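Q: First, the structure itself, so that you have it in front of you.
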Amino acid sequence: MSTPWETIIKVYRQQLENRNFSTVKFFLEDFLEFLRSKKFYTTDIESKKSIYELADTLLNGLVEKIYETHSDLFLNLNEPNKDIIIDLLSASMLSYTEKFKNENICDEFLDYTYDEFHDFSNDVIADLIEKKLTSNGYNITDDWINLFSNLIYTNIKRKETFTNYTGLIFTGFGEDEIYPSLVPLNISFSIENRLRCFIDEVNEVTITNDNGGAVRPFAQTDVIDTILSGIAPKLDETYLKNFEFYFKKYNEEILNLIGDRDPILKKQIEELDVNQLVGEYSQQNLMMKRTHFISPLMDAVSTLSKEDLAEMAESLIYLTYLKRRITFTEESVGGPVDVAIISKGDGFIWIKRKHYFKPELNQYFFDNYFNA
């Protein structure tokens with residue numbers, strides 16, 4: 001919400017001082033309490049700006065979906081075609097609202113009512129509709145506006161990562177934790193003192209005697225996932241889609257060969273649950289990946305020395321950067337890699353760290369770093 005995370009976290013560090021908590025998750029909860037207490041991070045103006053951006057993203061996404069199947073309507077934007085587009089948008093909004101209205105709601109929005117949301121955001125939603133639709137000759141009714149507001153309200157409450165958000169990773173040791181844990185938090189914005197955030201439970205890790213190691217990639221994960229699972233995620237997905245496509249095609253060929261000669265057999269083949277078989281095929285592939293790639297690597301990770309773990313982490317990041325560079329794709333991973341080790345005995349130790357200044361000219365920074 002327009003405030004750099006670096007600034008927020010360093011202000012929090014000053015407030016935290018030498019306080020400790022029993023688990024890493026308690027640190028996360030304390031950080032969220034800090035965010036709620038600092039109103040300059042969560043002003044109404046910034047909240048409404050975030051709602052506007054979210055509503056704009058949702059509206060653009062709906063329009064793009066309609067354009068994919070009804071591009072002819074947009075080539076001739078007369079009044080009847082505009083009315084059809086609005087009707088199609090209404091149907092899409094109603095469908096998405098019904099689908100997501102009770103799905104994985106963020107804890108802080110469980111008791112957030114539509115009336116509260118409408119009173120707070122009505123002006124920004126009306127402004128968006130005026131700029132995007134009404135001013136361009138679309139006939140927008142109050143019922144349509146209410147439907148659109150309901151869609152935004154439903155989406156704001158959801159645990160979703162399709163719209164803008166920041167991923168924060170809390171990791172290390174609490175006072176009572178012998179082994180490390182990692183808790184990823186997805187957070188986007190706040191509305192009326194409610195933080196839109198949730199824990200990414202899929203990637204949450206707590207190391208125990210029974211669970212000796214884990215590797216968790218974030219952001220651009222494709223290269224690391226390839227190394228962990230033995231196959232590129234895109235290729236794996238393509239194989240699965242091709243299997244489903246040709247399995248259905250094979251069934252169609254069998255049905256054509258049978259024709260009308262054996263109606264009972266033909267009906268039995270038509271009633272085969274292809275989705276179940278594709279699901280079983282996918283599960284079998286996953287078991288193979290776990291047995292031959294994931295488990296052996298995790299077993300190795302659980303026994304590596306700290307130095308080897310640091311080298312492994314750096315290598316995984318570098319390989320991601322290298323692939324981005326040589327394939328001319330977006331390079332959001334690159335440059336010198338920062339590497340740190342967190343251990344129960346030694347705490348946080350930098351192995352490699354880059355600076356935006358010359359360290360030899362700023363000794364006072366290092367003298368005061370952990371007191372700042």
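Q: Please go through the stretch 94-113 and pick out each residue that is of a type in the set (Ser, Thr, Tyr), in contact (Cβ under 8 Å) with a residue 24 or more places away in the chain and either exposed (fewer than 10 other Cβ atoms within 10 Å of the Cβ) or assigned to a loop (DSSP other than H, G, I, E, B) (or both).
A: Correct list: 112 only.
Q: Given the criteria under 22 Å from residue 23 (Cα atoms) and either in contact (Cβ under 8 Å) with a residue 24 or more places away in the chain or surrounded by fewer than 16 Cβ atoms within 10 Å (Cβ to Cβ) (or both), does residue 211 qualify?
A: The answer is yes for residue 211.
Q: Select from the stretch 3-43 the residues that are touching a residue at least 60 places away in the same chain (Cβ under 8 Å), open to solvent by less than 70 Å² (accessible area, probe 1.4 Å) and outside any helix (DSSP H, G or I) and list them in ascending order.
A: 21, 22, 23, 42
Q: On to the next question. Name the pairs whose Cβ atoms lie under 6 Å apart, with the first residue in the stretch 158-169 and under 18 Å from residue 105 (Cα atoms), the second among the small types (Gly, Ala, Ser) and open to solvent by 80 Å² or more (accessible area, probe 1.4 Å), and 6 or more positions between them or separate chains?
A: Filtered contacts from the stretch 158-169: no entries.
Q: Can you spot a residue in the stretch 216-231 that is touching a His at 6+ places or on another chain (Cβ under 8 Å), surrounded by 13 or more Cβ atoms within 10 Å (Cβ to Cβ) and of a type outside the set (Phe, Trp, Tyr)?
A: yes
Q: Output yes when any residue across the stretch 114-123 is open to solvent by less than 50 Å² (accessible area, probe 1.4 Å) and of a type in the set (S, T, N, Q), and no when none is.
A: yes
Q: Counting only residues that are open to solvent by 60 Å² or more (accessible area, probe 1.4 Å) and either closer than 22 Å to residue 181 by Cα or touching an Asp or Glu at 6+ places or on another chain (Cβ under 9 Å) (or both), how many does the stretch 297-323 have?
A: 10
Q: Something else now. Exactly one condition in (1) β-branched (Val, Ile, Thr); (2) modelled with pLDDT under 90; (3) more than 30 Å from residue 190 (Cβ to Cβ) is false for residue 42; which is it?
A: So the condition that residue 42 fails would be (3).
The values are calculated or read from the model by the stated rules, or taken from the named source; none is laboratory data. Everything numeric in this text was worked out from a predicted model, so none of it was measured. Positions of Cβ are backbone-derived with ideal geometry, glycine not excepted, and every protein chain shown enters the neighbour counts. To get the accessible areas, we keep the full protein, side chains included, count just its heavy atoms, and leave off ligands, DNA and RNA. Shrake-Rupley method; radii C 1.70, N 1.55, O 1.52, S 1.80 Å.
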